[in-house]
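Encoded as structure tokens, the structure appears first; notes follow it.
Taken together, the values in this text are just the output of simple stated rules run on the coordinates, not laboratory data. Since this is a predicted model, take the numbers as computed values, not measurements. Cβ coordinates were reconstructed from backbone atoms using ideal geometry, including for glycine residues, and neighbour counts include every protein chain displayed.
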């Protein structure tokens, strides 16, 4: 089966170093982006625990990171045309 990804989704994926092909199921592509987001959240938490920034900044940084991964607000079925 082949998939036609939306242009905005492809641009968002490429910002994260992911280039789904027409053969890549949208669930798999979304899973890669989700895994990267989870990794970055863990790194952010670890940085806070190592006191690289104050704890009161953590929530704002999580929100900023979520904005970077806005494409995850779409279910996989909406990644394709």
Members of segment 50-61 that are assigned to a helix (DSSP H, G or I), exposed (fewer than 15 other Cβ atoms within 10 Å of the Cβ) and touching a helix residue (DSSP H, G or I) at 6+ places or on another chain (Cβ under 9 Å): 55, 57
Filtered residue count, segment 21-49, keeping only those that are free of Cβ contacts under 8 Å to residues at least 40 places away in the same chain, surrounded by 15 or more Cβ atoms within 10 Å (Cβ to Cβ) and more than 13 Å from residue 69 (Cβ to Cβ): 2
Residue within segment 28-47 that is part of a loop (DSSP other than H, G, I, E, B) and touching a helix residue (DSSP H, G or I) at 6+ places or on another chain (Cβ under 6 Å) present: no
Some residue of segment 1-8 being assigned to a helix (DSSP H, G or I) and either out of contact with any strand residue (DSSP E or B) (no Cβ under 9 Å at 6 or more places or on another chain) or in contact (Cβ under 8 Å) with a residue 12 or more places away in the chain (or both): yes
Residues of segment 9-27 that turn out to be assigned to a helix (DSSP H, G or I) and in contact with a strand residue (DSSP E or B) (Cβ under 9 Å, 6 or more places away or on another chain), as a count: 3
